[in-house]
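> Encoded as structure tokens, here's the structure I'll be asking about.
Every read-out reported here was derived from the displayed coordinates using simple, explicitly stated rules and does not represent laboratory data. Just so we're clear, the structure is a prediction, and the values are computed from it rather than from any experiment. So basically every Cβ, Gly included, is an ideal-geometry build from the backbone, and we count neighbours across all protein chains shown.
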Amino acid sequence: MASYLHDNPEPAESEGDWLDRVATVRTVHLQRCKDRGHRFSMLTSYDAMTAGIFDEAGIEVLLIGDSAGNTVFGYPSTVPVTLDELIPLTRAVSGAAKRALVLADLPFGSYEESPAQAVASAVRLMKEGGAHGVKMEGGAYYAEHVRAMAQAGVAVMAHVGYTPQSVNSLGGHRVQGRDDAAQRLLDDALALEEAGAFSVLIEMTAEPAVQAADEALRVPTVGIGAGGSTTGQVLVWQDMLGLGEGRAPRFVKKYADLRGVVAQAAGAYRKDVLDGSFPAEEHVFKE
Ligand code: KIV
């Protein structure tokens with residue numbers, strides 16, 4: 001049995017597919033991607049089944065995003081999501097993922113008051129939810145929150161650019177980092193890196209601003225609607241697999257039409273129930 005210090009053998013330097021060979025993905029491997037000019041993948045997940053599938057598919061990072069507000073709870077935004085709602089989802093994902101790094105969002109209202117509040121909330125996501133780290137929205141103003149969490153041993157992914165929890169103060173879903181705002185994005189990202197963030201996620205931001213931030217940062221960046229210059233990419237899985245209703249955002253690539261598949265199957269099941277063709281002989285216990 002592996003000792004607690006030797007459960008994640010390091011791949012040999014010469015191996016080209018070193019990332020595939022990493023037994024348990026941790027922040028050092030994401031940093032190595034940045035250092036070597038390689039990429040990694042990240043998806044949201046909110047339950048054990050998708051976590052198991054995505055983990056087996058090799059997705060390096062699973063995020064229990066507060067997008068659960070929209071995708072799981074049916075809220076109009078991420079603003080109403082609470083820590084108590086995210087913890088059981090985090091436990092489901094962390095229990096199912098064998099290889100992926102599992103990060104959970106600090107939801108709106110769970111960190112803004114003070115660095116101490118941020119630490120306490122992150123500790124709950126890790127101790128009760130089993131997360132390996134957290135993601136937190138906000139710019140340089142929250143650098144001390146990141147510092148306190150990093151000092152407490154929490155792996156923190158910062159989230160800049162479009163920050164959905166601030167949808168009301170940002171004035172809606174607006175692309176960030178244009179013109180003068182590019183310098184602010186860069187300053188925010190550098191301040192959060194300096195405070196100890198192991199990675200910076202950049203959402204819905206103009207590509208030149210993202211490129212400048214990625215070049216200036218030592219830590220890996222993750223993009224969503226941020227172009228191709230980041231080390232990692234993340235999507236909300238229901239968008240990526242076409243489960244959502246209506247048009248997905250422009251930056252989403254749809255890899256399947258699950259909504260169509262599920263609707264068709266549900267309709268076929270209903271028809272079978274109504275006309276009596278389900279259950280058939282093979283579904284019945286005869287004795
Ligand atoms: O909550 C979430 O799913 C996110 C992603 C959009 C990155 O923050």
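> Using the Karplus equation 6.51 cos²θ - 1.76 cosθ + 1.60 (θ = phi - 60°), what ³J(HN,Hα) coupling, rounded to whole Hz, does each residue of segment 252-265 give in order, writing x for Gly and Pro?
8, 9, 8, 8, 6, 10, 4, 4, x, 5, 5, 5, 5, 5
> Percent of Cα-Cα pairs more than 16 Å apart in segment 175-267, please. Walk me through the numbers before you get to the answer.
On the way: 2503 of 4278 pairs.
Everything past 16 Å amounts to 59 percent.
> Provide Glu144, Glu287 in ascending order of the number of other Cβ atoms located within 10 Å of each residue's Cβ, fewest first. Walk me through the numbers before you get to the answer.
Details: Glu144 14, Glu287 2.
Ranked by crowding around the Cβ, least crowded first: Glu287, Glu144.
> Charges at C-beta only: +1 for Lys and Arg, -1 for Asp and Glu. How large is the resulting dipole of the chain about its Cα centre, in Debye rounded to 20? Show your work: numbers first, answer last.
Details: 25 positive and 38 negative charges, 39 e Å.
Dipole magnitude for the chain comes out near 180 debye.
> Can you give the Kirkwood hydrodynamic radius of segment 13-116 from its Cα pairs, in Å with one decimal? Can you show the working numbers first?
Numbers: mean 1/r = 0.0677 Å⁻¹.
After inverting the mean inverse Cα-Cα distance, the result is 14.8 Å.
> Around Leu190, with a cut-off of 13 angstrom between Cβ atoms, what is the net charge of the other residues, counting Lys and Arg +1 and Asp and Glu -1?
Taking every Cβ under 13 Å from that of Leu190, the sum is -4.
> What nm value, rounded to one decimal, do you get for the distance between Asp17 and Gln264 when each label is placed 7 Å out toward the C-beta?
Taking the simple label geometry, Asp17 and Gln264 are separated by 3.2 nm.
> Then there's this: Order of His283, His29, His38 from fewest to most other C-beta atoms within 10 Å? Intermediate values should be presented prior to the final figure.
Working: His283 7, His29 21, His38 15.
Ascending Cβ contact count within 10 Å gives the list His283, His38, His29.
> Based only on other Cβ atoms within 10 Å, what is the fewest-to-most ordering of Lys135, Lys127? Spell out each step's value before the answer.
Working: Lys135 26, Lys127 10.
Result, fewest neighbours first: Lys127, Lys135.
> Viscosity 0.890 mPa s, temperature 25 °C: give me the Stokes-Einstein translational D for segment 109-173 in µm²/s, with Rh taken as the Kirkwood radius over C-alpha pairs.
202 µm²/s
> I've got another one for you. Can you compute the modelled spin-label distance between Glu207 and Glu144, with each label point 7 Å from Cα toward Cβ, in nm?
In this crude spin-label approximation the distance works out to 4.0 nm.
> Can you give the Kirkwood hydrodynamic radius for the chain, in Å, rounded to one decimal and based on Cα pairs? Mind dumping the intermediate values first?
On the way: mean 1/r = 0.0498 Å⁻¹.
One decimal place: 20.1 Å for the Kirkwood radius.
> For the pair Ala216 and Phe251, how long in nm is the line joining their label points, each one 7 Å along Cα→Cβ?
Once both label points are built, they end up 1.8 nm from each other.
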